[in-house]
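The values are calculated or read from the model by the stated rules, or taken from the named source; none is laboratory data. Quick caveat: nothing in here was measured; it's all calculated off a predicted structure. Cβ sites come from the backbone with ideal geometry, for glycine too, and all protein chains shown count toward neighbours.
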């Protein structure tokens, strides 16, 4: 009987997988048919080798790229490719250590304590308030563990199918933490720019991700694209039009003028507008991205004219 039960459970699991799997493939097929946004990201990954991609994807080189176009980013305290030379004793109480050639490779120093930070989701509560220090202990790193993790990053290639990361010379960046201008949880404005023209702005950040409402899109006048609306589980303040919107749109346009598409991530901070990073492959072109609305994703794809790559 046990063998029959095991066989039944395995057959049930297989049946469920066979039902669920085609939905992803069907979404990808429809996106290819419609030339939707995610399909164009996947096309870029496979075909486009624009040399400028390397500079804008490099989290260190992009700072100079942005500065040349009048856009500031977080202040850099130190750069190295030798983790054992990180000057811990000469750094402020709060900073970030990041690798320039990947995504999610982040260590936070908070009140002189080192933590494996990743995307920051674990560091705030659903209401946006910081987690209690005792709840962060599982992420604590000693200096030796920090150095070892940095060595691991420097010897790892990030996502082989995302070409622009591969030629980047791996380095570590130590930089200032950014604070939200009006207090509270830091909000990340992800700006979709086609040939220098801003088409849509997504508002996200850890508080949105942990509440599962991180794919809300607005136009340049801060009108919500209704197709992307999700259930309102967060306060209205988080969705308010940023006071730097016009400056943000103009800066993103300058940063994206030389490319058919980039996503420019910006922050409205206590020190003014700051660039976070530039992304070439949002969501890695995963079927059904960047929003939960297929109609919006198709519309966004229609705004992007692919280059004629021979």
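A few points about this structure:
- Among the residues making up the range 259-302, those that are assigned to a loop (DSSP other than H, G, I, E, B) and more than 25 Å from residue 165 (Cβ to Cβ) are 270, 271, 292, 293.
- The listed residue being modelled with pLDDT of 95 or more and out of contact with any helix residue (DSSP H, G or I) (no Cβ under 6 Å at 6 or more places or on another chain), out of 129, 112, 36, 73: 112
- Some residue of the range 283-295 being at pLDDT 95 or above and farther than 28 Å from residue 23 by Cβ: no
- All positions within the range 125-140 that are surrounded by 17 or more Cβ atoms within 10 Å (Cβ to Cβ) and more than 22 Å from the chain's Cα centre (by Cα): 136
- Out of 148, 55, 122, one residue alone is surrounded by 12 or more Cβ atoms within 10 Å (Cβ to Cβ) and either touching a strand residue (DSSP E or B) at 6+ places or on another chain (Cβ under 8 Å) or under 26 Å from residue 183 (Cβ atoms) (or both). It is 122.
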